[in-house]
1. Find how many whole Å separate the alpha carbon centroid of segment 34-66 from the alpha carbon centroid of segment 77-135.
2. Over 17 Å, how big is the tail of the calculated P(r) for segment 17-72, in percent of all Cα pairs?
3. First measure r as the distance between the Cβ atoms of M118 and T25, then evaluate 1/(1 + (r/R0)^6) with R0 = 22 Å and state the FRET efficiency to the nearest 0.05.
4. Name all residues of segment 83-111 having a backbone nitrogen under 14 Å from the label point set 7 Å from the Cα of D55 along its Cα→Cβ direction, giving them as ranges.
5. State the extension gain, in nm to one decimal, for the chain segment bounded by S89 and D131, taking 0.36 nm per residue of separation less the distance between their alpha-carbons.
6. Enumerate the calculated ³J(HN,Hα) couplings along segment 55-62 in order (Karplus 6.51 cos²θ - 1.76 cosθ + 1.60, θ = phi - 60°), each rounded to whole Hz, writing x wherever the residue is Gly or Pro.
7. So which GluC sites (Glu not before Pro) in segment 12-60 pass both tests, a DSSP loop state and at most 11 other Cβ atoms within 10 Å of the Cβ?
8. Kirkwood hydrodynamic radius, computed over distinct alpha-carbon pairs, for segment 90-135: how many Å, to one decimal?
Amino acid sequence: MRASGTFTVQAFVPTELKPEPAVSTALPVGVATMEKHFEGETAGRSATLFTSAFDQATGVGTYVAMESFEGSLNGLEGAFNFVHSATTSGSDRTAEFFTIVPTSGTGALAGISGGGGMAIDADGTHRVWFDYDLG
């Protein structure tokens with residue numbers, strides 16, 4: 001099954017958390033928390049742990065995010081975790097990864113598995129879709 005929707009970032013809060021032991025690289029690793037709100041066939045909210053090695057000046061870097069989603073997919077209520085990552089050279093998304101964490105589903109989404117993806121439209125609209133199975 002597929003559920004798609006749009007999302008907005010409600011909060012992006014950098015943290016002071018740093019990898020230990022400290023290793024100096026050309027792109028330092030940062031950690032932030034995020035809150036997102038979703039609308040459409042995917043409706044609800046998520047709490048995210050967001051890590052990245054990213055150069056603000058050039059827009060080059062990679063992120064890895066673990067999200068805890070609660071809400072509904074195609075009207076089925078519950079919660080689950082999903083992880084995603086991508087690399088950018090400043091104007092693209094490559095090396096994308098997106099998967100639902102097995103056995104993380106609750107409620108009507110218990111037993112959820114699968115994947116999905118994210119995209120950003122030219123107008124800045126953020127899109128998400130889940131290709132999932134229940135069982």
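1. One Cα centre to the other: 11 Å.
2. 50 percent
3. Values: r = 26 Å, r/R0 = 1.17.
After rounding, the FRET efficiency stands at 0.30.
4. 88-91, by backbone N distance to the label point.
5. 12.4 nm
6. Karplus values, whole Hz, x for Gly and Pro: 9, 4, 5, 9, x, 9, x, 9.
7. E16
8. Working: mean 1/r = 0.0819 Å⁻¹.
Radius from the Kirkwood sum: 12.2 Å.
None of the figures in this text is laboratory data; all of them are computed from the coordinates on show. Keep in mind that this is a model prediction, so the values were computed, not measured. Because the Cβ atoms are built from the backbone with ideal geometry, glycine has one as well, and the counts that use them run over all protein chains shown.
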